[in-house]
Amino acid sequence: MSDRRKSFLHSLFRQHAGEISAFLRGRWHNEADVADIVQESCLSLSEYQERETVSNPRAFLFQTAANLLVDQHRRRATQERYLEPDLGPESVAGETASPENRWEAQEALEHFCELLEQLPEVRRHAFVLFRIEGLSHREIAARLGISVRSSECHVMQAMQFLARALGPLDP
């Protein structure tokens, strides 16, 4: 990292971290997440290719922090859905499933999650929003800032990748 960039990042953080933290604390309970989001916001501006065109860095930081907070909330909500007792491997494999079947179901779920992590971020988000959260392509496009057609393509490509990676579902 160049000295100029370090200086810009340090100055930006020193000037705005406190008020952005206060803004986020009013909306999110986890202090560690708040600190991470503040740092990510500052880093985003420092890495922004056209940072000289940003006329109001403070507003940019606040908007970035708000967007990251929304992403954090979505991630947490999706994780909580997976952690609900009725959605665990036991319910997929059945209440009377053997320990081996439960283990296999857990392994399959972990493998699926690993495959999701291999997808590009926008494609993964589009897939999760469509298949797990049940949003329409129009809603996905609005949330991710992409076109409806791009949303459709990302979901289709994610499904194709997962189908190839998982192979035939025959037992």
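Okay, here's what the table says:
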quantity: The stretch 37-70 - residue that is of a type in the set (Ser, Thr, Tyr) and assigned to a helix (DSSP H, G or I) and, of those, surrounded by the fewest Cβ atoms within 10 Å (Cβ to Cβ); calculated: 53
quantity: Residue among 14, 27, 4 that is open to solvent by 100 Å² or more (accessible area, probe 1.4 Å) and not in a helix (DSSP H, G or I); calculated: 27
quantity: Matching residues, the stretch 89-106, being assigned to a helix (DSSP H, G or I), at pLDDT below 55 and open to solvent by less than 80 Å² (accessible area, probe 1.4 Å); calculated: 89, 90, 91, 93
quantity: From the options 147, 151, 136, residue that is over 19 Å from residue 70 (Cβ atoms) and among the hydroxyl-bearing types (Ser, Thr, Tyr); calculated: 147
quantity: Residues satisfying the stated conditions in the stretch 119-129, i.e. open to solvent by less than 70 Å² (accessible area, probe 1.4 Å) and part of a helix (DSSP H, G or I); calculated: 122, 123, 124, 125, 126, 127, 128, 129
quantity: Hey, residue 23 of a type in the set (Phe, Trp, Tyr) and in contact (Cβ under 8 Å) with a residue 40 or more places away in the chain or not; calculated: yes
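Residue by residue, here is whether (1) among the polar types (S, T, N, Q); (2) over 18 Å from the mean Cα position of the chain (by Cα); (3) part of a helix (DSSP H, G or I) holds:
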site	(1), (2), (3)
113	no, no, yes
117	no, no, yes
131	no, no, yes
135	no, no, no
141	no, no, yes
151	yes, no, yes
155	no, no, yes
158	no, no, yes
165	no, yes, yes
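The values are calculated or read from the model by the stated rules, or taken from the named source; none is laboratory data. Since we're looking at a predicted model, the values are computed, not measured. A quick note on method: Cβ atoms are made from the backbone with ideal geometry, for glycine too, and the neighbour counts reach across all protein chains shown. Quick note on the areas: whole protein, heavy atoms, side chains included, nothing else; ligands and nucleic acids left out. Shrake-Rupley method; radii C 1.70, N 1.55, O 1.52, S 1.80 Å.
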